[in-house]
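The values are calculated or read from the model by the stated rules, or taken from the named source; none is laboratory data. Treat the numbers as computed from the prediction; the structure is a model and nothing was measured. No Cβ is skipped: glycine too gets one built from the backbone with ideal geometry, and neighbour counts run over all protein chains shown.
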């Protein structure tokens, strides 16, 4: 219809009508493109909000896990340091020796960072970070990715140290009874370490440089873990707070 009127106006040399019809066409095209642009922006904004929500939810879970891990490794580090003091005391009591055995036995439990990759991948691969334009959030996400790689690399460095520590300690440990593991509704429970394991006589321990060096290597291992989990926890909290601020 518009084309028909435009052709008729040109034939009649009605230039006002020509200009008016062309303007109507141009405005119509512009409005159509603008509506498409608005719709695309709305779709991208909804997608970004979903990606942010998933990212925040997974970060919150990782923060909770990192808090537990940080407390866990701090507790075990303190126990090992206390165990070293006990090992140096040639007149340590049986209660102290039991605490030493517990500290050593508990180091068989490792903690590794809880990484939930779905939200991290979504916010990075969907273009959400670029559209949001929050430089601080981009840096925080980059820090998390760097720490994930750092954890993989650090285990290659400090893992052998852990193994060497146990090689030094093993000759001084005595397994006296079978290790019993019970399955309970709240999870797997292992009997206390002193109920199945003990150490050689105290005068042997306090004069053994090998045993003391093994304890020192374990302490160094957990000191590295404490630093790693502290830094990991801080990075997660920072990224979570920045992402939450972007949620509408």
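In segment 117-132, what residues are part of a helix (DSSP H, G or I), touching a residue at least 12 places away in the same chain (Cβ under 8 Å), surrounded by fewer than 20 Cβ atoms within 10 Å (Cβ to Cβ) and more than 18 Å from the chain's Cα centre (by Cα)? Across segment 117-132, the qualifying residues are 131, 132. Entry remark, segment 73-89: residues being surrounded by fewer than 21 Cβ atoms within 10 Å (Cβ to Cβ), closer than 26 Å to residue 147 by Cα and touching a residue at least 60 places away in the same chain (Cβ under 8 Å) number 1 in total. Among the residues of segment 171-178, are any touching a helix residue (DSSP H, G or I) at 6+ places or on another chain (Cβ under 6 Å) and either in a helix (DSSP H, G or I) or at pLDDT below 80 (or both)? Yes, there is a match, as at least one residue in segment 171-178 is touching a helix residue (DSSP H, G or I) at 6+ places or on another chain (Cβ under 6 Å) and either in a helix (DSSP H, G or I) or at pLDDT below 80 (or both).
Of the residues 136, 64, which is touching a helix residue (DSSP H, G or I) at 6+ places or on another chain (Cβ under 9 Å), loosely packed, with under 14 Cβ neighbours inside 10 Å, assigned to a helix (DSSP H, G or I) and at pLDDT 90 or above? Spell out how you get there, then give the answer.
Numbers: 64 fails: touching a helix residue (DSSP H, G or I) at 6+ places or on another chain (Cβ under 9 Å).
Within the list 136, 64, the selection yields 136.
Of note, residue 225 satisfies the criterion of being assigned to a helix (DSSP H, G or I) and either without any contact (Cβ under 8 Å) to a residue 60 or more places away in the chain or under 30 Å from residue 124 (Cα atoms) (or both). Every condition in (1) more than 23 Å from residue 74 (Cα to Cα); (2) exposed (fewer than 13 other Cβ atoms within 10 Å of the Cβ) holds for residue 112 except the one numbered (1).
Scan segment 100-113 and give yes if some residue there is assigned to a helix (DSSP H, G or I), more than 30 Å from residue 202 (Cα to Cα) and under 19 Å from the mean Cα position of the chain (by Cα), otherwise no. Write out each step before concluding.
So in segment 100-113, the residues assigned to a helix (DSSP H, G or I) come out as 100-106.
So of that shortlist, the ones also more than 30 Å from residue 202 (Cα to Cα) come out as none.
No, every residue in segment 100-113 fails to be assigned to a helix (DSSP H, G or I), more than 30 Å from residue 202 (Cα to Cα) and under 19 Å from the mean Cα position of the chain (by Cα).
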